[in-house]
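Asks: Below are the structure tokens for one structure; questions will follow.
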Amino acid sequence: MTVWSRLCSLVIGYFMGTILAAEIVARRFAGKPAEEIGSGNPGMANILAHVGKKAGFLVLAGDILKTAAAMGAAWLLFRERTGMAVWYAGFGAVLGHNFPVWKKGRGGKGVTAT
């Protein structure tokens, strides 16, 4: 695995990870950002407790899908024998979820993304 494919996989994962499902679901179901709901944490547990089951499970699905999508994109781009690009993309997705640049590094805890 080259340094280039590792770096690209990490970047792909990071930017896919910055898509916070809780933020999208909170704005759709509650009409306000996730940071104004409950504990302010953009995570499934907070949304589930304060917005409802349907919203909580949508956040769960969104967080799992974004990590899987990042890993799938890395696999398609860098089909290697070791498959390490997939793991770098997954790690990048967790970093993006926890420290999204557009939220000044204040993201979720990364439990579901991990």
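The values are calculated or read from the model by the stated rules, or taken from the named source; none is laboratory data. As the structure is a computational prediction, the values presented were derived from the model and not from experiment. Neighbour counts are summed over all protein chains in view; Cβ atoms, including those assigned to glycine, are modelled from backbone coordinates with ideal geometry. Keep in mind that these areas ignore ligands, DNA and RNA; they rest on the heavy atoms of the full protein, side chains included. Shrake-Rupley method; radii C 1.70, N 1.55, O 1.52, S 1.80 Å.
Asks: In the stretch 1-27, which residue that is of a type in the set (Gly, Ala, Ser) and either under 14 Å from the mean Cα position of the chain (by Cα) or under 17 Å from residue 72 (Cβ atoms) (or both) is surrounded by the fewest Cβ atoms within 10 Å (Cβ to Cβ)?
Replies: At the first step, the residues of the stretch 1-27 found to be of a type in the set (Gly, Ala, Ser) are 5, 9, 13, 17, 21-22, 26.
Right, trim to either under 14 Å from the mean Cα position of the chain (by Cα) or under 17 Å from residue 72 (Cβ atoms) (or both) and you get 5, 9, 13, 17, 21-22.
Values: 5: 16, 9: 27, 13: 31, 17: 29, 21: 26, 22: 31.
Once the filter is applied, the top-ranked residue is 5.
Asks: Restricting attention to the stretch 53-63, does a residue exist that is closer than 30 Å to residue 3 by Cβ, open to solvent by 40 Å² or more (accessible area, probe 1.4 Å) and within 11 Å of the chain's Cα centre (by Cα)?
Replies: no
Asks: Now, a different point. Enumerate the pairs (first residue in the stretch 77-102 and more than 11 Å from residue 11 (Cα to Cα); second residue anywhere and at pLDDT 85 or above and open to solvent by 100 Å² or more (accessible area, probe 1.4 Å)) with beta-carbon separation below 6 Å, excluding pairs fewer than 6 apart on the same chain, so at least 6 apart or on different chains.
Replies: Final answer for the pair search is 86/75.
Asks: Further question: Which of (1) of a type in the set (A, V, I, L, M, F, W, C); (2) modelled with pLDDT of 90 or more; (3) touching a Leu at 6+ places or on another chain (Cβ under 9 Å) does residue 44 not meet, given it meets every other one?
Replies: Unmet condition: (2).
Asks: Hey, any hits in the stretch 33-52 for a residue that's touching a Ser or Thr at 6+ places or on another chain (Cβ under 6 Å), acidic (Asp, Glu) and surrounded by 14 or more Cβ atoms within 10 Å (Cβ to Cβ)? Spell out the reasoning first.
Replies: Filtering the stretch 33-52 down to residues touching a Ser or Thr at 6+ places or on another chain (Cβ under 6 Å) leaves 44, 46.
Subsequent filtering for residues that are acidic (Asp, Glu) retains none.
No, there is no match, as no residue in the stretch 33-52 is touching a Ser or Thr at 6+ places or on another chain (Cβ under 6 Å), acidic (Asp, Glu) and surrounded by 14 or more Cβ atoms within 10 Å (Cβ to Cβ).
Asks: Taking the stretch 64-81 only, how many residues are among the hydrophobic types (A, V, I, L, M, F, W, C), open to solvent by 30 Å² or more (accessible area, probe 1.4 Å) and closer than 16 Å to residue 3 by Cβ?
Replies: The qualifying residues number 2.
Asks: Would you check if there is a residue in the stretch 82-100 being farther than 18 Å from residue 114 by Cα and either open to solvent by 10 Å² or more (accessible area, probe 1.4 Å) or under 13 Å from the mean Cα position of the chain (by Cα) (or both)?
Replies: Taking every residue of the stretch 82-100 in turn, at least one turns out to be farther than 18 Å from residue 114 by Cα and either open to solvent by 10 Å² or more (accessible area, probe 1.4 Å) or under 13 Å from the mean Cα position of the chain (by Cα) (or both).
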